[in-house]
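Notes to accompany the following structure.
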Amino acid sequence: MWESNVRKVVPYVPGEQPKISKLIKLNTNENPYPPSPRVSERLSNLNVSDFRKYPAPDCEILREALAKKYNLETDNVFVGVGSDDVLAVAFLTYFNSKKPILFPDVTYSFYDVWADTFNIPYETIPLNEDFSINPGDYFKENGGVVIANPNAPTGLYLGIDGIEAVLAANPDSVVIVDEAYIDFGGESALKFIDKYENLLVVQTFSKSRSMAGMRIGFAMGCKKIIKYLSDVKFSINSYTMNMPSLELGVLAVEDDEYFVSCCKKVISTREWTKGELARLGFTFPDSMTNFIFVKYNGDKSRDHIAAELRKRGIIVRCFNSDRTKEYMRISIGTDDEMKTLISALEEILYA
Ligand code: PMP
C-alpha cells in the first residue's frame, strides 16, 4: 500500500541530448559559441583540492558580480542551478494561495509541471490567434502570474509596457517574468523592480552566456521578495551551486564585451535565417530569441520535414499540443549550421 502515499507526477520532458557527434543540434536553444575565453582560463586554474570543502552557501561572489553588472545590491540577486531551479523554488515560495496562478496556454511547458508537482492551482490563458499576449487577460483575481518574455516556444516579445500593465494590475500577487531569452533583443523588466515589490525577474546563463552545461540561473527583485526566495532555498538545500559554477559564472558575467558580441552574432544569424525561411514558404511569429517557431504552409507535413532533417543530422524540436502540432522550433546555430539547414530544407521541400 505504500504507493498510495507517493506523490505521483508527470515529469517535464527536456529536449534530447544525443550522443552522436557531428550533429547540427538545433533543438534546445543552446548557444553555438563557447563561453568567454576567461571561463576556460579560470577553469584550468581551479584548485581541485578545494573540492574537499562545501561551496559558499550564500553564493556571494556570483550574486555580487551580477549585482554589479545590473546596478543592484547583492541582496537583490538570487542564484540557482539553472533558471529551472530558480523558477521551481519561486513557484514554491510565492504561489501559496488557493487562487489559480495564470500563465499562457502556449508557453514554457515546465510551468504546469511545477504547478502540478506543488499542488498549485492554475489557469492557462489562451494567447491571441497570432500567439501574442493580451496583458488585459491577466487583470483578474489570481494567485500569481508567470510570463515568459520573450515567450517560448513562440519567440514573441511583449513590449515592456505590457509587462508593466500586468504588474500594475496585480499588486496582490507575485508576477514572475521569465527572461531566459531577453538578451537577444528585448528590454528587461528589471527597471521595474524598485517600483513593483511583487516583481521577480528570472534569467539564465544557459542561452546568451553559452553555459547551459554549468547550470546557472538567477533572479532579481526587491530585497524582500529575494529574502523570501532565499529562505525557501535554505529550507531545502543550503549548497545548491557548486564551486566551479560560482567561480566560472563570475568570469562569464564580467566579460561583457564577449557576451555582447556573441548576442549580436546570434541576432544577425537569426535575421538572415528568418529571410531564408520566409523565402522557402515558412511562416513564424517574429522571434526576439535564439530560436524561430516555424510552420510550413506547403504540401509537406511538419513531421516529415523534421524526420528528413534528422536523417541529414539536423535536429529540431517539435511540440504536440493542439496549437503547436504543426510547428517546429529551430534554434539559431552558427552561420554555417544555418546555411546547411536551409540547403537541407530546400532539398526536402523541393525534392
Ligand atoms: N525558461 C524558459 C522559457 C526556457 O525556455 C528555459 C530552457 N529550457 C528555461 C527557463 C530553463 O533554462 P535553464 O534551466 O537552463 O536556465
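The values are calculated or read from the model by the stated rules, or taken from the named source; none is laboratory data. Treat the numbers as computed from the prediction; the structure is a model and nothing was measured. Note: ideal-geometry Cβ built from the backbone for every residue, glycine included; neighbour counts use all protein chains shown. Heavy atoms of the whole protein, side chains included, go into the accessibility calculation; ligands, DNA and RNA do not. Shrake-Rupley method; radii C 1.70, N 1.55, O 1.52, S 1.80 Å.
Quick notes on this one:
- Residue within the range 54-61 that is loosely packed, with under 13 Cβ neighbours inside 10 Å and over 21 Å from F234 (Cα atoms) present: no
- Among the candidates T283, T240, residue that is of a type in the set (V, I, T) and over 21 Å from the mean Cα position of the chain (by Cα): T283
- Candidate set: the range 128-168, residues that are open to solvent by less than 10 Å² (accessible area, probe 1.4 Å) and β-branched (V, I, T); chosen: the one farthest from D286 (Cα to Cα): V145
- Residue tally, condition assigned to a strand (DSSP E or B) and of a type in the set (G, A, S), over the range 293-342: 1
- The range 283-292, subset open to solvent by less than 50 Å² (accessible area, probe 1.4 Å) and not in a loop (DSSP other than H, G, I, E, B), residue farthest from Y181 (Cα to Cα): I292
- Any hit, the range 29-49, residues being open to solvent by 50 Å² or more (accessible area, probe 1.4 Å), touching a strand residue (DSSP E or B) at 6+ places or on another chain (Cβ under 8 Å) and either among the polar types (S, T, N, Q) or on the phi < 0 side of the Ramachandran plot (or both): yes
- Residue in the range 28-45 that is more than 29 Å from D255 (Cα to Cα) and under 22 Å from the mean Cα position of the chain (by Cα) present: no
- Just one of the listed residues (N128, N142) is modelled with pLDDT of 95 or more, polar (S, T, N, Q) and either within 16 Å of the ligand (Cβ to nearest atom) or touching an Asp or Glu at 6+ places or on another chain (Cβ under 8 Å) (or both), and it is N142.
- In the range 13-29, the residues that are within 16 Å of the ligand (Cβ to nearest atom) form Cβ pairs under 6 Å with partners that are at pLDDT below 95, at six or more places apart or across chains, as follows: N27/G15; T28/G15.
- Positions within the range 213-240 being surrounded by 18 or more Cβ atoms within 10 Å (Cβ to Cβ) and within 16 Å of the ligand (Cβ to nearest atom), in sequence order: M214, R215, I216, G217, F218, A219, M220, L229, K233, T240
- Given (1) part of a helix (DSSP H, G or I); (2) away from the ligand (no atom under 16 Å from the Cβ); (3) among the aliphatic types (A, V, I, L, M), index of the condition A56 fails: (1)
- Evaluation of A278 against the conditions (1) open to solvent by 20 Å² or more (accessible area, probe 1.4 Å); (2) of a type in the set (A, V, I, L, M); (3) touching a Phe, Trp or Tyr at 6+ places or on another chain (Cβ under 6 Å) shows that the sole unmet condition is (3).
- The residue that is nearest to the ligand (Cβ to nearest atom), counting only those in the range 70-107 that are among the acidic types (D, E) and assigned to a helix (DSSP H, G or I), is D84.
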